[in-house]
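What follows is a single structure, written as structure tokens, with notes after it.
The values are calculated or read from the model by the stated rules, or taken from the named source; none is laboratory data. As the structure is a computational prediction, the values presented were derived from the model and not from experiment. Cβ: placed from backbone, ideal geometry, glycine included. Neighbour counts: every protein chain shown. Calculation scope for accessible area: heavy atoms of the full protein, side chains included, ligands and nucleic acids excluded. Shrake-Rupley method; radii C 1.70, N 1.55, O 1.52, S 1.80 Å.
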Amino acid sequence: MLKPAFFYELLERKGVEFMLGVPDSLLKHFGSFAFDKGNDLIAANEGGALAIAAGYHLASGKIPMIYLQNSGFGNIVNPLTSLVDEEVYSIPVLIMVGWRGHPEVQDEPQHIKPGKTQEEQLKALQLPYAILSGDEALAQKQIDTAFEVMNTNPAPYVLLVPPKTFEEYSFEGKEKASYSLKREEALEQIIQKLGEKDIIVSTTGKTSRELFELREKYGHGHQRDFLTVGSMGHASQIALGIALEKNDRPVYCIDGDGAMIMHMGALAIIGDQKPKNFRHILINNGAHESVGGQPTAGFNIDFRKIAEGCGYKKAMRVEDPESLGKTLDEFISAEGPVLLEI
């Protein structure tokens with residue numbers, strides 16, 4: 001296995017000074033080390049990360065690196081083919097991709113198809129790539145080759161990273177929030193307030209896992225819930241599709257700050273469609289928690305103003321159990337679309 005410090009220094013020797021991306025569980029030890037070293041730009045989404053990297057190269061002439069999980073690889077296909085490609089602007093970027101759903105490793109259902117088709121996707125896009133070795137000497141040769149290719153033919157080069165490539169690293173930069181309300185406690189209050197006709201669409205990550213566990217705890221059944229285990233950032237649009245069709249039933253989207261930031265344009269479409277039965281709950285912990293705890297911009301954003309600016313009828317905010325209990329009744333009875341930030 002590679003020490004994150006070794007790999008980071010290897011990239012530094014190649015002149016890589018700018019690293020950014022979207023956190024991934026397979027890359028979290030390297031990503032956390034890079035963050036602690038000052039490379040603390042977490043992009044809204046993978047395509048945005050590649051565009052920022054392209055801008056950096058245009059300004060500096062240096063080769064940047066971006067990192068992402070392969071389930072988000074689809075988000076970079078557009079800028080890969082229409083921005084940095086050798087037949088367009090020919091911009092070299094080292095792209096490190098966490099290989100979830102690796103064919104030799106049992107993984108969650110949402111990672112199976114991306115995992116088994118990942119190499120075929122790279123070949124179809126005619127991207128040079130290597131499967132990163134956990135051996136230091138081999139990894140160094142792979143990095144040498146990658147930079148030789150990018151310096152000879154300016155264009156992206158991909159490093160596929162299998163599970164357990166990096167040694168563990170303890171993230172020093174994880175923000176410690178002082179809020180008295182925990183996500184699972186909030187979810188517990190919410191589901192106890194909802195009725196038999198109410199539909200829930202929950203976001204990717206721990207929120208959906210905890211919702212499932214709470215339904216089991218109370219014997220509620222799962223038939224009214226849609227757990228968005230993949231498709232990060234799209235839970236609110238799934239909920240919108242349901243709300244427009246099931247307009248006689250309340251539809252609740254339980255979202256996360258990282259997911260909402262990833263595709264924030266969704267709020268504009270919800271506001272434009274004005275579904276009266278749409279209720280949007282944002283659980284904002286300021287972090288990509290399930291992939292390492294790297295911070296999002298969530299604590300620096302006024303989501304209420306954004307929602308109201310997009311056409312939501314009302315937006316509320318709470319940060320303690322007592323306020324949540326008092327506000328939920330008002331939120332549930334309000335005409336949608338309405339936002340509650342927790």
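Structural remarks
- Failed condition for Pro64, given (1) closer than 15 Å to Gly293 by Cα; (2) in contact with a Phe, Trp or Tyr (Cβ under 6 Å, 6 or more places away or on another chain); (3) surrounded by 24 or more Cβ atoms within 10 Å (Cβ to Cβ); (4) not aromatic (Phe, Trp, Tyr): (1)
- Considering the conditions (1) surrounded by fewer than 18 Cβ atoms within 10 Å (Cβ to Cβ); (2) of a type in the set (Asp, Glu); (3) modelled with pLDDT of 95 or more, Asp107 is excluded by exactly one of them, (3).
- Looking at the range 164-255, the helices (runs of 4 or more DSSP H) lying wholly inside it that each contain 1 or more residues that are hydrophobic (A, V, I, L, M, F, W, C) and within 28 Å of Trp99 (Cβ to Cβ) sit at 206-218, 235-245.
- Within the range 318-342, the set of residues being of a type in the set (Gly, Ala, Ser) and either open to solvent by less than 10 Å² (accessible area, probe 1.4 Å) or farther than 20 Å from Phe299 by Cα (or both) comprises Gly325, Ser333, Ala334, Gly336.
- Condition met for Ala266 (of a type in the set (Gly, Ala, Ser), at pLDDT 95 or above, buried (at least 20 other Cβ atoms within 10 Å of the Cβ) and under 21 Å from the mean Cα position of the chain (by Cα)): yes
- Top-ranked residue in the range 84-104 [being closer than 23 Å to Leu11 by Cα and small (Gly, Ala, Ser); ranked as least open to solvent (accessible area, probe 1.4 Å)]: Gly98
- Condition broken by Val77, with the remaining ones in (1) open to solvent by 10 Å² or more (accessible area, probe 1.4 Å); (2) in contact with a strand residue (DSSP E or B) (Cβ under 8 Å, 6 or more places away or on another chain); (3) in a helix (DSSP H, G or I) satisfied: (2)
- Screening Lys276 on (1) at pLDDT below 95; (2) open to solvent by 60 Å² or more (accessible area, probe 1.4 Å) shows it passes everything except condition (1).
- Qualifying residues in the range 9-32 (those that are outside any loop (DSSP other than H, G, I, E, B) and free of Cβ contacts under 8 Å to residues at least 60 places away in the same chain) - the one surrounded by the most Cβ atoms within 10 Å (Cβ to Cβ): Met19
- The residue pairs whose first member lies in the range 292-317 and is outside any loop (DSSP other than H, G, I, E, B), whose second member is among the hydroxyl-bearing types (Ser, Thr, Tyr), and whose beta carbons are closer than 6 Å, counting only pairs six or more residues apart or on different chains, are Met316/Thr327.
- Taken together, the residues in the range 281-296 that are closer than 11 Å to Val22 by Cα, touching a Phe, Trp or Tyr at 6+ places or on another chain (Cβ under 9 Å) and either buried (at least 23 other Cβ atoms within 10 Å of the Cβ) or modelled with pLDDT of 90 or more (or both) amount to 1.
- All positions within the range 111-127 that are of a type outside the set (Val, Ile, Thr) and either under 23 Å from Phe166 (Cα atoms) or open to solvent by less than 30 Å² (accessible area, probe 1.4 Å) (or both): His111, Pro114, Gly115, Lys116, Gln118, Glu119, Leu122, Leu127
- Of the residues Phe6, Phe35, the single one that is open to solvent by 10 Å² or more (accessible area, probe 1.4 Å), more than 18 Å from the chain's Cα centre (by Cα) and of a type in the set (Phe, Trp, Tyr) is Phe6.
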